[in-house]
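Everything on this sheet refers to the single structure shown next.
The values are calculated or read from the model by the stated rules, or taken from the named source; none is laboratory data. As the structure is a computational prediction, the values presented were derived from the model and not from experiment. Neighbour counts run over all protein chains shown; Cβ positions are idealised from the backbone, glycine included.
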Amino acid sequence: MTEEDRYTLSAVMSFTMEIESKLADFYKNAAERVEQSKLRKLFSTFFEDSLDRRDTLTKVQRETVIEMTLEPIIGLKLEEHMLQIERIIDNEKATHLEKAIALERINRELYDEASVKVRYTSADASEVLSRFSQESANRMNTLLKERN
């Protein structure tokens, strides 16, 4: 295990806030560029949802009074997740819909894994991340229906 594999709860929360900011930017941009009105509305909704999620994560981080460095959180590979997200967003060959599906799949997996890893450090953070994992799964399913 390297030092890169160890995170504090604060670092995990900051990372997830950054992801939601990137997703908000992606969805805002995608909503402005797609021609299909149903998809434009869906992306606009996801843009607003990502801003709300980022605000919720900020609130949970701020309200977590516990010493955030007691137990290291290991094995999340946050940098790899960010690289995947950036590669998907920058992929010029994929459509906005394909990108959105891939982004939600990655987010669902990350939030699900992070929820388990932070459970004993912060029950509140774990609950929020678990809820966001389910929301990303729902978003992904909605987007998959649009593709068909």
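Table for the structure above
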| quantity | calculated |
| --- | --- |
| Residues that are among the polar types (S, T, N, Q) and either within 13 Å of Glu146 (Cβ to Cβ) or in a helix (DSSP H, G or I) (or both), drawn from segment 44-65 | Ser44, Thr45, Ser50, Thr56, Thr58, Gln61 |
| Qualifying position, being more than 12 Å from the chain's Cα centre (by Cα) and closer than 25 Å to Leu9 by Cα, among Arg87, Arg54, Arg62, Arg105 | Arg62 |
| Residue satisfying condition, being under 27 Å from Arg6 (Cα atoms) and either at pLDDT 95 or above or crowded, with 18+ Cβ neighbours inside 10 Å (or both), within set Ile88, Ile74 | Ile88 |
| In segment 112-124, the residues that are small (Gly, Ala, Ser) and crowded, with 16+ Cβ neighbours inside 10 Å | Ala114, Ser115, Ser122 |
| Residue that is surrounded by 14 or more Cβ atoms within 10 Å (Cβ to Cβ), under 22 Å from Ala24 (Cα atoms) and in contact with a His (Cβ under 9 Å, 6 or more places away or on another chain), where the choices are Glu109, Glu127 | Glu109 |
| Meets criteria (under 13 Å from the mean Cα position of the chain (by Cα) and aromatic (Phe, Trp, Tyr)) for Tyr120 | no |
| Flag if Ala125 is among the small types (Gly, Ala, Ser) and either in a helix (DSSP H, G or I) or touching a residue at least 40 places away in the same chain (Cβ under 8 Å) (or both) | yes |
| Tabulated pairs, segment 39-53, first within 17 Å of Lys22 (Cβ to Cβ), second exposed (fewer than 15 other Cβ atoms within 10 Å of the Cβ) and not aromatic (Phe, Trp, Tyr), C-beta under 7 angstrom, 6+ apart or interchain | none |
| Contacts under 8 angstrom Cβ, first residue in segment 78-99 being free of Cβ contacts under 8 Å to residues at least 12 places away in the same chain, partner surrounded by 14 or more Cβ atoms within 10 Å (Cβ to Cβ), 6 or more apart | Asn91/Lys99; Ala94/Ile88; Ala94/Ala102 |
| Subset of segment 1-43 [part of a loop (DSSP other than H, G, I, E, B), modelled with pLDDT of 90 or more and surrounded by fewer than 17 Cβ atoms within 10 Å (Cβ to Cβ)] | Glu35, Gln36 |
